[in-house]
1. Which whole-number percent is the relative contact order of the range 462-590 (Cα, under 8 Å, 6+ apart)?
2. With labels modelled as points extended 7 Å from the Cα through the Cβ direction, what inter-label distance (nm, one decimal) is found for Val553 paired with Ala193?
3. Counting other Cβ atoms within 10 Å, keep those with at most 15, restrict to DSSP loop, and tell me which trypsin sites (Lys or Arg not before Pro) in the range 488-566 are left.
4. Given the options Met378, Val466, Thr478, identify the residue whose Cα lies farthest towards the positive end of the charge dipole of the range 348-490 (+1 on Cβ of Lys, Arg; -1 on Cβ of Asp, Glu).
5. If R₀ is 60 angstrom, what is the calculated FRET efficiency for the pair Arg219 and His44, using the beta carbon separation as r and rounding to 0.05?
6. Considering only protein heavy atoms, what per residue accessible area in square angstrom results for the range 146-200 with a 1.4 angstrom probe?
7. Are there any chymotrypsin sites (Phe, Trp or Tyr not before Pro) in the range 132-163 that are in a DSSP loop and have at most 13 other Cβ atoms within 10 Å? List them by number.
8. For the range 511-613, with every protein chain kept in place, what is the accessible area per residue (1.4 Å probe, Å²)?
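The values are calculated or read from the model by the stated rules, or taken from the named source; none is laboratory data. This one's a predicted model, so the numbers in the text were calculated from it and none came from an experiment. Backbone-built Cβ (ideal geometry, glycine too); neighbour counts: all protein chains shown. Ligands, DNA and RNA are excluded from the accessible area calculation, which covers all protein heavy atoms including side chains. Shrake-Rupley method; radii C 1.70, N 1.55, O 1.52, S 1.80 Å.
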Amino acid sequence: MAEGAAETSAEGGGGEDGDSGIGASERGVVPIKSQFLTTKERFHEFLEAHRQEKPRGETEAEARDGGGLAEPAAKRPRLETGRPENEAAEDPPAPKRARGQNKSRPHVKPTRYEQSRLCPSVIQGPPATCVFGDRCRFLHDVRRYLETKPADLGPQCVLFDTFGRCPYGVTCRFASAHLGPEGQNLVREELAARWARGPPVRNGLDKALQQQLRKRQVRFEAAERALRGLSQARAAPAQDPADPAAPACPVQEPASPAEAPAAPASPAQAPGGAGPDPAGSPVRTCGPLTDEDVVRLRPCEKKRLDIRGKLYLAPLTTCGNLPFRRICKRFGADVTCGEMAVCTNLLQGQTAEWALLKRHECEDVFGVQLEGAFPDTMTKCAELLNRTLDVDFVDINVGCPIDLVYKKGGGCALMNRTAKFQQIVRGMDQVLDVPVTVKIRTGVQERVNLAHRLLPELRAWGAALVTLHGRSREQRYTRRADWDYIAQCARAASPMPLFGNGDILSYEDANRAMQTGVAGVMVARGALLKPWLFTEIKEQRHWDISASERLDVLRDFTRYGLEHWGSDTQGVEKTRRFLLEWLSFLCRYVPVGLLERLPQRINEWPPYYLGRDHLETLMASQRAADWIRISEMLLGPVPPNFVFLPKHKANAYK
């Protein structure tokens with residue numbers, strides 16, 4: 001998972017000292033006015049008493065909450081010796097827990113939610129024929145399918161209202177909104193013609209390219225040329241720069257690609273003229289000047305990235321999906337970045353991995369984040385994305401703390417593998433027409449900071465911008481972010497812009513962060529707890545947002561989710577799953593009107609309290625069953641045998 005992206009895989013309820021061995025009485029607790037405080041028993045009694053009428057499926061949710069798959073137990077405070085506080089000193093120490101990872105969480109992702117699925121050829125309409133014929137395992141009888149199809153969830157279809165046509169036809173869970181009297185799929189011609197020029201989402205994976213990637217038929221000439229140059233430079237660092245075989249290195253590099261002056265656009269300097277080609281070796285050319293020769297960018301013409309002072313939404317694995325980014329853009333986020341994508345999966349043409357690179361038209365400054373451990377795969381993936389995607393920058397993940405990535409040499413491990421790290425940054429910078437940015441942590445070990453030594457080197461390697469999370473890998477998301485060290489690193493990185501990341505949950509936090517000399521702030525978990533944080537920072541105020549307004553935000557998320565993942569049963573349940581993952585963070589937000597002291601800090605965990613109405617109290621629940629009830633208010637009842645456990649290790653106890 002990504003470093004900013006790994007926010008969602010972190011200890012969701014640990015707070016500052018969630019895993020540091022501090023007792024529960026010493027952990028940070030949100031200061032709430034005494035008249036709202038209550039006990040755990042009274043809190044759940046209040047919710048039970050105010051549920052006047054149980055919606056369909058709620059009985060099943062309660063049964064799931066009490067039996068079957070157990071939820072994670074509440075976290076136990078652990079001393080430095082690994083012994084709980086109430087355990088005798090002579091007893092053997094308890095085994096250490098894996099920090100920040102819910103390894104005991106079973107993976108219960110169903111392959112399908114319907115017993116009988118309709119063949120796509122039938123959904124697309126009568127002209128389409130099934131290529132599998134009698135061997136097709138899907139239904140071709142619409143009447144038989146409708147007998148087992150779950151009931152519709154509402155009278156309006158988001159896709160039909162937005163695009164004028166629903167591609168899911170009778171399988172849509174809102175099919176009554178766009179089915180004619182004879183069962184035909186209706187189309188609003190004017191609305192559909194408006195979107196005929198292209199969908200609002202870009203960066204999709206072309207089927208032909210996917211087949212080429214799976215058959216390993218894609219060639220990476222630029223990447224191989226860059227890798228050869230890097231290997232030669234490493235083998236013979238004192239090589240004569242005039243040698244044509246030497247790697248392309250300008251005589252005097254600017255501090256970063258963002259600082260590079262634009263080259264004059266004249267025919268004599270065009271890549272098709274007599275000047276040197278982008279690889280750096282002089283070649284003779286002949287023939288007409290093509291558009292490809294003119295449009296191709298040389299290293300000195302690389303696109304710039306000027307986002308100083310802007311609010312940057314971190315790449316958040318699982319929760320930082322496209323619908324969530326649309327929510328944050330609506331509240332004022334300036335820069336967005338896709339979820340961390342593994343370069344080897346992209347090179348294999350995996351559909352799920354390419355979906356992480358999609359960009360909505362509202363994302364005016366958008367980048368993608370890559371994770372990898374080796375220069376060859378990262379450079380080839382960068383060349384592939386340069387040819388196929390529309391992005392403003394490519395970010396390298398050098399901050400992911402989880403073992404799955406670290407033990408393979410990626411994420412934070414690259415901070416200790418400077419030779420590979422350098423080749424990755426230089427190689428990607430050579431094959432990309434957009435700037436390369438890097439996201440790092442303070443270091444790997446808690447008391448051994450490495451970032452201040454790496455930043456000048458990153459500037460020389462070609463990084464246009466670096467984002468620093470003020471914690472080490474060992475700290476993960478415990479303790480407070482070290483903004484004093486971030487200020488030191490901002491001076492070391494100059495003139496390359498450095499963004500700071502860590503513990504931003506209010507406009508006061510953002511103001512203090514900007515006083516350290518950073519070029520801007522990246523918001524990660526703070527956006528999960530309250531996506532309207534971007535509005536608060538820009539308007540310099542605390543927003544006492546009501547529970548009904550927060551529910552409207554969730555309702556908009558479900559609309560965006562249905563647009564993105566589909567309005568059939570599979571799309572509805574996928575939207576529900578990502579909504580529940582977000583609710584496992586959103587429950588930590590405490591309304592401003594209930595606080596005894598402003599602002600709420602990100603390392604403080606809310607106690608049990610009763611809100612100003614039933615909905616506000618329900619949204620404060622830390623039980624997964626209550627999150628499911630909120631999802632049922634927006635997406636209808638859950639399917640049979642539905643179980644949800646959050647990916648991160650939150651206190652989702654009964």
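1. Contact order relative to length: 19 percent.
2. For the pair Val553/Ala193, the computed spacing is 4.0 nm.
3. Listed in order of number, the matching sites are Arg541.
4. Of Met378, Val466, Thr478, it is Thr478.
5. 0.45
6. 59
7. When the chymotrypsin sites (Phe, Trp or Tyr not before Pro) of the range 132-163 are filtered for loop state and at most 13 Cβ neighbours within 10 Å, Phe132 remain.
8. 30
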